[in-house]
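The values are calculated or read from the model by the stated rules, or taken from the named source; none is laboratory data. Small disclaimer: the values here were computed from a predicted structure and weren't measured. Please note: Cβ atoms are built from the backbone with ideal geometry, for glycine as well, and neighbour counts cover all protein chains shown. The accessibility values were calculated without ligands, DNA or RNA, using every heavy atom of the protein model including side chains. Shrake-Rupley method; radii C 1.70, N 1.55, O 1.52, S 1.80 Å.
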Amino acid sequence: MSRIGQTFIALKAHNKKALITFITAGDPGKGLTVPLMHALVEAGADIIELGVPFSDPMADGPVIQRASERALANKVGLKDVLAMTADFRKNNTTTPVVLMGYANPVERMGYQTFAQAAKAAGVDGVLTVDIPPEESHGVADVFKAAGLDPIFLLSPTTPESRVEQVAAVASGFMYYVSLKGVTGSAALDTDEVSRKIATIRRHCDLPMGVGFGIRDAATAEAVARIADAVVVGSRIVNEIENASENELIGRVKALVQDLRRGVDAASK
Amino acid sequence: MKLTDLPDSHGHFGPYGGIFVAETLMAALEELRVEYDKARQDPAFMAEFEYELKHYVGRPSPVYHAKRLSEQYGGAQIYLKREDLNHTGAHKINNTIGQALLARRMGKKRVIAETGAGQHGVASATVAARYGMECVVYMGAEDVIRQAPNVFRMKLLGATVVPVSSGSKTLKDALNEAMRDWVTNVESTFYILGTAAGPHPYPMLVRDFQCVIGRECLTQMPELAGRQPDAVIACVGGGSNAIGIFHPYIPHEKVRLIGVEAGGSGIASGKHAAPLSAGSPGVLHGFRSYLMQDENGQIIETHSVSAGLDYPGVGPEHSWLKDAGRAEYVAINDDEAMAAFHDLCRFEGIIPALESSHAVAQAKKLAPTLKKDQIILVNLSGRGDKDINTVAKVSGITL
Ligand SMILES: Cc1ncc(COP(=O)(O)O)c(C=O)c1O
């Protein structure tokens, strides 16, 4: 079983929900990503999502767009992200790492080459935002064959009839995008999300992660009550953007500890 | 399988095209596909589209034998398909009318669009006013400055113009921002995409709406010249005017189809916008096609004197036609386009768009290699009123 699968089983055994934290690789600096990853784990993250910088992040709001631009200015590409993951693995062999990004950098490297290199670097799952199941053809199979979990999105606009189709290609966990909109959008209606999740669970038995719009302990707690995993991205990237280099690790840790308290409060 | 049977039901032209978008847009694209499929088989819809093209746009646009220009260039006879004479001054309106009628049919009261040169923005603002819809146009901050007259026109027509300051601040970034708007407002909003690119079904439906150009030529050329042309030339930004004139000619195998990309300062300089001539396949803006990208798969900045050609990708059907060998693609540099612009002004009394000037410049190269009784048909996709500030600046003149 993959590291992601094991993580969800272990959490369940302890009656806990997962906290998944997102940062963009290479933001704010090339050398800061691995220390940030360790800090996220120390502060209570169960899974790390590492954003692969892309020049045209169509599905992202301004906060993550800026992170991507900073990372590109630091000349960070897909190969660097794999190197960072390998570096992280020197001191951490248990926390799953999921790469999240867009199709083109992976397409350019070649799906097969990428899958093997990612596995060798210690990557566990891959979410390519702009490859829906319809276009994943061989891609999801190539990832699975290499031992990577292909992760897919579901959204408020996904018709019930499509859920099974998406679930058929996905593994690891299912990522429900709680809002219509780009990353970093506000206002999340937990009742609505709860109804949608109930519908999805009828067609999909993967763990359910919910992301978009989670910004503090209270929203994390509310989401942890209805999902298996809480995904936080823009809020953390926002903290990184506003912190000076010497307060960076401390501020990110404090934020993630707070989110962790929120997630754990849901299981009490 | 015939070359004209594509795309397949998933929007693929061979390895190109497809639907590469985030999950939130999948349902909307499916809804559009289903609705367009019904509309194109609905005689009432097609009759209204044709009525609007005739009475509102002023179609058919003439084909004109540019005799003085032909004489000047020495060789083949050059004919111009006068899309510059359409209402709003370019071919873009053919497509925006089609999409606005679809939006109305689908009950969407708000339309959004991306624009580079501003021609598609103007054409979108125009149809929004015509059909009583709210219109928001995304435009790169750089282009807002380059194409100031068109920004004002859009505002006069009641549209909101949103300058986009992310990335390279040009057309590709405007497209990203329009997509983001669409993801957020997907239920109320129709996205009027301006070229034969984007996720399926856009490349197909934009092509279908633009094919009126080529179909008219098929009947006009025999009437005027006694036969079909030997070569058809069109400029290629995203590829809508080119596919509109090429597509009906695909089965006419003796007719050469030549697409002209923006060569900017020259292919060797790296400062250009010619993905078919100097790029490689990849995925951007919802589809697979030739792209301008670096070795890490990042999209690289494009350069062209013409804002409408300043785009790092190209519609998927052109990638397919290139690989299939049915169409040829070449690049014309800024200075060559500028010279052709002045030629058409001086010899024919027609001020062409800088985009279209690229096609004229290719005719200038090709004509002397052909015989006097051979025929080149150039798609004059738009008029140049919008470009006079740029031309003045390049010529060192302050207006
Ligand atoms: C007059 C004119 N021609 C050509 C183009 C390029 O677009 P396409 O390749 O879709 O025809 C534009 C785009 O703005 C334009 O305004």
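Key figures
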| quantity | calculated |
| --- | --- |
| Rounded FRET efficiency, nearest 0.05, which uses the C-beta distance separating residue B:278 from residue A:120 and R0 of 35 Å | 0.60 |
| Other-chain or far-sequence residues with amide H under 5 Å of residue B:239's (modelled H) | B:196, B:315 |
| Cα pair count fraction exceeding 19 Å, expressed as % - segment A:141-268 | 53 percent |
| 0 to 90° range, to nearest 10: angle between helix B:171-184 axis and chain B longest Cα axis | 20 degrees |
| Contact order normalised by residue count of segment B:1-118, Cα under 8 Å, 6+ apart, percent | 17 percent |
| Kirkwood hydrodynamic radius (C-alpha pairs) into Stokes-Einstein, segment B:116-252, 10 °C and 1.306 mPa s, D in µm²/s | 97 µm²/s |
| Using θ = phi - 60° and Karplus 6.51 cos²θ - 1.76 cosθ + 1.60, couplings along segment B:191-206 (whole Hz; Gly, Pro as x) | 8, 8, 7, x, 8, 7, 9, x, x, 3, x, 4, x, 6, 6, 5 |
| Rounded Å value of the spacing that divides the Cα centres of segment A:230-268 and segment B:123-202 | 36 Å |
| For residue A:176, residues with placed amide H under 5 Å, excluding near neighbours | A:154, A:209, A:210, A:211 |
| Total accessible surface hidden between A and B, rounded to 100 Å², 1.4 Å probe | 2900 Å² |
| Amide H contacts under 5 Å for residue A:49, placed H, 5+ residues apart | A:21, A:22, A:23, A:98 |
| Loop-located trypsin sites (Lys or Arg not before Pro) in segment A:57-113, at most 10 other Cβ atoms within 10 Å (DSSP) | A:90 |
| Cleavage-rule hits (GluC sites (Glu not before Pro)) in segment A:1-97: DSSP loop, at most 14 neighbouring Cβ within 10 angstrom | none |
| At 0.890 mPa s and 25 °C, Stokes diffusion of segment B:54-169 via Kirkwood alpha-carbon radius, µm² per second | 158 µm²/s |
| Cα Rg, Dmax, the protein assembly as shown, angstrom units | 26.1, 88 |
| Heavy-atom accessible area, 1.4 Å probe, ligands and nucleic acids excluded: residues of segment B:171-207 down by at least 10 Å² from chain alone | B:172, B:176, B:179, B:180, B:183, B:184, B:186, B:187 |
| Volume in Å³ per residue [convex hull over Cα atoms, computed for segment A:1-70] | 111 Å³ |
| Loop-exposed GluC sites (Glu not before Pro) per DSSP, neighbour cap 13 Cβ within 10 angstrom, longest uninterrupted part of chain B | B:1-186 |
| Length-normalised contact order of chain B in % [C-alpha pairs under 8 Å, at least 6 apart] | 21 percent |
| Under the Karplus curve 6.51 cos²θ - 1.76 cosθ + 1.60, θ = phi - 60°, whole-Hz ³J(HN,Hα) for segment A:33-40, x wherever Gly or Pro sits | 5, 5, x, 5, 4, 5, 5, 4 |
| Alpha carbon Rg of segment B:177-273, scaled by the compact-globule rule 2.2 N^0.38 Å | 1.35 |
| For segment B:47-67 versus segment B:367-398, the gap between their alpha-carbon centres in whole angstrom | 21 Å |
| Residue B:109/residue B:271 FRET efficiency (R0 51 Å; Cβ-Cβ; nearest 0.05) | 0.75 |
| Selection from B:212, A:54, A:96, by position along the positive dipole direction of the protein assembly as shown (Cβ) | B:212 |
| Normalised alpha carbon radius of gyration of segment B:272-399 [divisor 2.2 N^0.38 Å] | 1.16 |
| Net charge contributed by nearby residues that have their C-beta within less than 14 Å of residue B:2 (K/R +1, D/E -1) | -3 |
| Accessible-area composition of segment A:1-144, carbon plus sulfur, in percent [1.4 Å probe] | 56 percent |
| Angle in degrees between helix B:23-40 and the longest Cα principal axis of chain B, rounded to the nearest 10 | 60 degrees |
| Around residue B:358: net Lys/Arg minus Asp/Glu count, Cβ-Cβ under 10 Å | -4 |
| Relative intensity, log₁₀ I(q)/I(0), of segment B:1-89 from a Debye sum that treats every alpha carbon as a point, q = 0.24 Å⁻¹ | -1.08 |
| Of the trypsin sites (Lys or Arg not before Pro) in segment B:252-314, those whose Cβ has at most 14 other Cβ within 10 Å and which sit in DSSP loop | B:254 |
| Proximal charge balance of residue A:16 [Cβ under 15 Å; K/R count +1, D/E count -1] | +2 |
| Minimum 20 Å² accessible area buried by the other protein chains, segment B:275-292 residues, probe 1.4 Å, relative to alone | B:283, B:284, B:288 |
| Alpha-carbon Debye profile of segment A:86-131, log10 I(q)/I(0) at 0.29 Å⁻¹ | -1.09 |
| Part-to-part distance (alpha-carbon centres) for segment A:116-179 and segment A:86-115, which is given in Å | 14 Å |
| Nearby lysines by direct alpha-carbon distance to residue A:12 (threshold 26 angstrom, same-chain neighbours under 8 apart not counted) | A:119, A:144, A:196, A:253, A:268 |
| 1.4 Å probe accessible area per residue over the protein assembly as shown, in Å² | 35 Å² |
| Estimated vicinal HN-Hα couplings, Hz - segment A:6-12 in sequence order (Karplus 6.51, -1.76, 1.60; Gly, Pro = x) | 4, 4, 5, 5, 4, 5, 4 |
| Drop in accessible area of at least 50 Å² in the complex versus isolated chain, residues of segment A:92-133, 1.4 Å probe | A:104, A:107, A:108, A:130 |
| Average Cα contact separation per residue, segment B:224-308, under 8 Å, 6 or more apart, as relative contact order % | 21 percent |
| With eigenvalues of the C-alpha gyration tensor scaled by 5 and rooted, chain A, Å | 24, 23, 18 |
